[in-house]
Every structure is written in structure tokens, then in C-alpha cells.
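The values are calculated or read from the model by the stated rules, or taken from the named source; none is laboratory data. As the structure is a prediction and not an experimental result, all values here were calculated from the model. When we count neighbours, we look across all protein chains shown, and the Cβ atoms used for this are built from the backbone with ideal geometry, even at glycine. Each accessible area value is taken on the protein alone, full model and side chains, heavy atoms only, with ligands, DNA and RNA left out. Shrake-Rupley method; radii C 1.70, N 1.55, O 1.52, S 1.80 Å.
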Amino acid sequence: VVGDIVHTHLEWGWHAPGALAAEAAALDLLAVILGSGRASRFYHRVRERGLVSTISAYNYTPGNIGVFGVSAELRAEDTREALEAIARTIGSALDAPPRAAELERAKHILEARLLRRLESAEGQARLLAEWEALGGWQLADRYMEQLLAMQPDDVHAAAHAYLAQDQ
């Protein structure tokens with residue numbers, strides 16, 4: 001490709017709790033519901049409308065604090081409309097709990113990601129080291145139990161606690 005290629009990169013974030021907080025699993029699930037794959041809310045409400053070329057959500061929890069974020073790439077001229085669509089989509093998470101099917105999909109995705117990490121010795125070592133740094137490798141099991149026990153109202157409550165506009 002010859003010529004200037006101009007794209008805008010958007011990062012939007014909120015303070016979030018660390019990995020050991022009860023809400024961390026709920027926010028991990030919300031990140032998948034909002035921004036992972038073609039079944040996600042961002043894909044249907046923002047990407048399919050042509051407002052962004054890529055969009056995702058994540059809950060980054062390296063220690064005692066974290067950040068819940070949205071990342072997107074778009075044309076500069078679409079910034080305002082894209083931000084409004086993203087804000088409305090996040091607002092949908094504040095308005096009502098996720099549908100049961102959305103939550104189950106998110107649980108399966110996160111469980112599969114964890115299991116994929118266990119396929120190699122390096123993946124196992126990294127997983128154990130990450131949790132050991134947080135207080136003990138056994139915490140990985142506790143996290144997975146919390147994640148799989150999450151209900152729609154738990155995810156909704158976490159969204160309210162951390163994704164409000166004033167945050």
C-alpha cells in the first residue's frame with residue numbers, strides 16, 4: 001500500500017479491582033460479553049455498523065489494582081459516533097444484567113482460555129507463576145470456581161460498581 005494510512009487508536013478505561021477481588025471474575029466475564037468475538041455486543045453494535053475496524057474489551061488485573069478497558073481502531077472522522085455507540089453499549093451493561101446465553105458463552109470462553117494455557121509446560125508454568133505471585137497457585141482454582149458460579153446479577157453489580165460514567 002502506498003501513501004499515508006491514518007487510523008485512530010482509542011483506549012478507554014476505568015479503575016478496577018485487583019485479581020483477588022470477588023468482582024474481578026465478574027469483570028472478566030463482562031469484558032468477554034462486551035468485546036470478545038463476533039457474538040459480542042461491541043461487534044454487533046459498533047463494528048458491524050462500520051464505526052471501527054477493531055474493538056475489544058479487557059479486564060487487566062496484574063496485582064492489587066486493575067483497569068477495565070476498551071480498545072478500538074477507527075477512522076478519525078468516525079470518532080464521535082464510535083464513542084457514542086461504545087458508550088451506549090456500555091450503558092446496556094449498566095441497564096440490565098447480561099442474558100443467560102451471553103453469560104454462559106463468556107464462561108465457556110474464559111474456561112477454554114485457561115485450559116489452553118495448560119496444554120504446554122510453559123503455559124502451566126506461567127499460569128502457576130502468575131497466581132503464586134498473587135499469593136498462591138491454589139488461587140487459580142478459587143478464581144475458576146468464582147467465575148463459573150457467577151450469575152447475571154453479579155456481573156450487573158460489578159458493571160455498576162466500576163463502569164459508571166463518573167468512574
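Below are the figures for this structure:
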| quantity | calculated |
| --- | --- |
| Residues of the stretch 127-164 that turn out to be of a type in the set (S, T, N, Q) and touching a residue at least 60 places away in the same chain (Cβ under 8 Å), as a count | 1 |
| Any hit, the stretch 57-73, residues being in a helix (DSSP H, G or I) and not polar (S, T, N, Q) | no |
| Residue that is farther than 30 Å from Arg47 by Cβ and open to solvent by less than 30 Å² (accessible area, probe 1.4 Å), where the choices are Ala140, Ala149, Ala159 | Ala140 |
| Residue that is over 11 Å from the mean Cα position of the chain (by Cα), among the hydrophobic types (A, V, I, L, M, F, W, C), under 19 Å from Gln167 (Cβ atoms) and not in a helix (DSSP H, G or I), where the choices are Leu94, Leu10 | Leu10 |
| Inter-residue pairs, beta-carbon under 8 Å, first touching a residue at least 60 places away in the same chain (Cβ under 8 Å) and closer than 13 Å to Tyr143 by Cα and in the stretch 100-118, second in a helix (DSSP H, G or I) and open to solvent by less than 70 Å² (accessible area, probe 1.4 Å), 6+ apart | Lys107/Leu29; Lys107/Leu147; Leu110/Asp28; Leu110/Leu29; Leu110/Val32; Leu110/Leu147 |
| The listed residue being open to solvent by 40 Å² or more (accessible area, probe 1.4 Å), of a type in the set (Asp, Glu) and assigned to a helix (DSSP H, G or I), out of Glu102, Glu132, Glu119 | Glu132 |
| Residues satisfying the stated conditions in the stretch 149-159, i.e. in contact with a helix residue (DSSP H, G or I) (Cβ under 6 Å, 6 or more places away or on another chain) and part of a helix (DSSP H, G or I) | Pro152, Asp154, Val155, Ala158, Ala159 |
| Condition check for Gln124: without any contact (Cβ under 8 Å) to a residue 40 or more places away in the chain, more than 17 Å from Glu11 (Cα to Cα), polar (S, T, N, Q) and not in a loop (DSSP other than H, G, I, E, B) | yes |
| Pick from the stretch 62-77, criterion within 12 Å of His7 (Cβ to Cβ) and at pLDDT 95 or above, ranking: most open to solvent (accessible area, probe 1.4 Å) | Glu73 |
| Qualifying position, being out of contact with any Ser or Thr (no Cβ under 9 Å at 6 or more places or on another chain), in contact (Cβ under 8 Å) with a residue 12 or more places away in the chain and surrounded by 15 or more Cβ atoms within 10 Å (Cβ to Cβ), among Ala96, Ala85, Ala19 | Ala85 |
| Residues within the stretch 22-42 that are within 13 Å of the chain's Cα centre (by Cα) and either among the charged types (D, E, K, R) or surrounded by fewer than 19 Cβ atoms within 10 Å (Cβ to Cβ) (or both), tallied | 4 |
